[in-house]
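Below you'll find the structure, written out as structure tokens, and then a few comments.
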Number of protein chains: 2
Amino acid sequence: MPLDLSLLPDGGVIWMDASGEHSDIVLSTRIRLARNIEGYAFTGRARDGERLRVLAQVRDAATQVPALAHNVFVRVDELPATDRLLLHERHLVSKELAGLDAQHPVRSGAAVFLGPDVGVMVNEEDHLRLQSLRSGFALPAAFEAVQQLDRELGARVPYAVHPEFGFLTACPTNTGTGMRASVLIHLPGLVLTKEMGKVLAGLQQMGLTYRGLYGEGSDVVGNFFQISNQTTLGRSEDELLQQLLVVVRRVIASEEDARRILLRDAGYIIEDKVWRAYGTLRYAHSLTFDEAMNFLSGVRLAVGLKLISGLSVYTLNKLLIFSQSAHLSRAEGRALTESEANLVRARYVRHTLAQEAGAP
Amino acid sequence: MPLDLSLLPDGGVIWMDASGEHSDIVLSTRIRLARNIEGYAFTGRARDGERLRVLAQVRDAATQVPALAHNVFVRVDELPATDRLLLHERHLVSKELAGLDAQHPVRSGAAVFLGPDVGVMVNEEDHLRLQSLRSGFALPAAFEAVQQLDRELGARVPYAVHPEFGFLTACPTNTGTGMRASVLIHLPGLVLTKEMGKVLAGLQQMGLTYRGLYGEGSDVVGNFFQISNQTTLGRSEDELLQQLLVVVRRVIASEEDARRILLRDAGYIIEDKVWRAYGTLRYAHSLTFDEAMNFLSGVRLAVGLKLISGLSVYTLNKLLIFSQSAHLSRAEGRALTESEANLVRARYVRHTLAQEAGAP
């Protein structure tokens, strides 16, 4: 049976409602905590039966966890591939949990608790991946939510903790706090002014790292970057968050500077560029996802610079998510070939933008 | 004093009203007859005084020529450069008569009779260039009009004729009939299906030739070709016209075939391409003339294929002519740098298309 996304408290999209600080530049903030349960092998080494016991124990504990009271439980391992892809496209589960890699199919026991504030992936690389996903730049709020979930769940399942290292994780790069905090940030100004290389080098020196829209191993397209902490060990969560907060604030300020410089020195070139992007989105009849991302990047910049008005950041976020393949297939009610998806994507983008513009 | 184009019977643009046969493919038909007057050196070798005497003799004769009764007489040599460029952009005078080439400035005595049906350039390469310019594919009508003018004017000024060769001309390639008949034709289908090379080779075998939008020496941009007779000697006007007529009919049929094949084999690619062109024209904020031509070429194809409706061929013709530099300067009432012209052009194109689409 296909997943009924309308059962999710908010359709799983509240994180892209464009609320929150700097939401024209920072799309979303995510914090996840990696946890494992004592007495079981790590997910990757566990047999099916062991993972199912992990799942049973977590489900049982979850009924007692107030932070999960409004969550929906989904057995990812029982979903068809299109639904697993759909959840991944909506940024609700990782590629690994969804089992989208042909060499790593979905594991039995893979499941997720989905909710408006926090969620838990079960039998991901670690037994538990607690996460909070928020719109805009919202590190403290996201951390508070996931920390509360961690306290409540940790009181009911025995986490694997080492007295010296901290939380034990399947991959040593997560050991310690098990925390990865990241912001999804749109930096066209820094890319266009060719300052991005410098910024990225600076991030690495600060123990931070960057990735593309879909996390580890994904390319940077459309000037969307995920910036996150690289370090998890030897520092407290607060220190790590504080550092990310300071650096991202600096990146936002640099991006704003770069946009001012662009407008001042190449205003009419930028204006032309972003309006052409808009024109192409308004009228193209076939769009690959990468093209759509790149044109949406231009239009997003235009909205940020107030060159285009009457177009909301929420609509742009929605276009980014809903123009992905599994979302288009779901809307069409059937599987789509790549070229069919390009046609359907272009139609969806055209109609959405025409509607927003009040076009006949 | 700048030229007042509103004095022209039709603003000099009736030839682009998109009437006439096959007007979605054939923009216009032009026939010109090269004539020289006995007793004077050819224009290029004549002194100023001699050219002025030629002009005086023609003006005097013209008062007796019914075909020129509704024409406006313009001393091209007394116009500022922008107006000379304007007349050239409007396809009413040649580049040579307008004196636009820095190495060949405007000649004293250069003049033109402009009218809705026929016109006469005086002191072009030949003393007289009689011409008829029509919308669409209209060889017989254009020839009839220019032939009548030729008879009436020839009865009043003594043409230089050789009993064996026919009409004498400054350049031997025009000697004989002195006639060049040409059609300005839009062939995106043949270009996109890569059949154009074959068609052009076929033209040359038939004694025909092709050029770009602005005649001799101009590049082909936007898939607009001028096809004309190469031969002027040893055959009658009727034979030459008949041959051009047959060949152009064949080219039109090939173009229509090519468009059908495109739609059948690559319909959605073409549809996307032409709509993107439209979207760019609707929203770009800076457009070079070559870009505008290329995008207009796509949109023109779309209108021909009925992929875009509610947009007239007349509007497309108008955009092609009025988005040229001198026209934009005239509309703005001041000289424009190239980058200013690009901004003004984009604005003009945007507004015209938005108006036609009934956009708010």
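The values are calculated or read from the model by the stated rules, or taken from the named source; none is laboratory data. The shown structure was predicted, so the numbers you read here are calculated from the model rather than taken from an experiment. Positions of Cβ are backbone-derived with ideal geometry, glycine not excepted, and every protein chain shown enters the neighbour counts. With ligands, DNA and RNA removed, areas are computed over all heavy atoms of the protein, side chains included. Shrake-Rupley method; radii C 1.70, N 1.55, O 1.52, S 1.80 Å.
Of everything in the range A:159-185 that is hydrophobic (A, V, I, L, M, F, W, C) and part of a strand (DSSP E or B), the residue that is surrounded by the fewest Cβ atoms within 10 Å (Cβ to Cβ) is A:V161.
As for the range A:326-340, it holds no residue that is under 16 Å from the mean Cα position of the chain (by Cα), within 16 Å of A:E291 (Cα to Cα) and open to solvent by less than 10 Å² (accessible area, probe 1.4 Å). In the range A:308-325, of all residues being away from chain B (no Cβ under 14 Å) and more than 17 Å from A:D290 (Cβ to Cβ), the one that is most open to solvent (accessible area, probe 1.4 Å) corresponds to A:Y314. Going by the conditions given, is A:D257 more than 14 Å from chain B (Cβ to nearest Cβ), surrounded by fewer than 16 Cβ atoms within 10 Å (Cβ to Cβ) and under 25 Å from the mean Cα position of the chain (by Cα)? So A:D257 fails the test.
For every residue, the table says whether it meets (1) farther than 25 Å from A:Q147 by Cβ; (2) surrounded by 20 or more Cβ atoms within 10 Å (Cβ to Cβ); (3) of a type outside the set (A, V, I, L, M, F, W, C).
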position	(1), (2), (3)
A:G39	no, no, yes
A:A46	yes, no, no
A:V54	no, yes, no
A:V58	no, yes, no
A:P66	no, no, yes
A:A69	no, no, no
A:L85	yes, yes, no
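Criterion first (in a loop (DSSP other than H, G, I, E, B), more than 21 Å from B:E21 (Cα to Cα) and open to solvent by 10 Å² or more (accessible area, probe 1.4 Å)) does B:S286 satisfy it? Answer is yes for this residue. Taking every residue in the range B:270-286 that is under 13 Å from B:L296 (Cα atoms) and more than 7 Å from chain A (Cβ to nearest Cβ) and pairing it with any residue that is open to solvent by 40 Å² or more (accessible area, probe 1.4 Å) and part of a helix (DSSP H, G or I), at least 6 positions away or on another chain, the pairs with Cβ-Cβ distances below 7 Å are B:A277/B:F295; B:L281/B:F295.
For B:V299, the conditions (1) over 22 Å from A:H285 (Cβ atoms); (2) crowded, with 20+ Cβ neighbours inside 10 Å; (3) within 23 Å of the chain's Cα centre (by Cα) all hold with the exception of (1).
Out of the residues in the range B:328-355 meeting the condition of being of a type in the set (S, T, N, Q) and touching a residue at least 40 places away in the same chain (Cβ under 8 Å), tell me which one is nearest to B:A81 (Cα to Cα). Ranking the candidates gives B:S329 first.
Comparison of A:Y214, A:Y210 shows that the only residue that is more than 14 Å from chain B (Cβ to nearest Cβ), modelled with pLDDT under 90 and in contact with an Asp or Glu (Cβ under 9 Å, 6 or more places away or on another chain) is A:Y214.
Among the numbered conditions (1) under 20 Å from A:H351 (Cα atoms); (2) part of a loop (DSSP other than H, G, I, E, B); (3) not hydroxyl-bearing (S, T, Y), the only one that B:I269 does not meet is (2).
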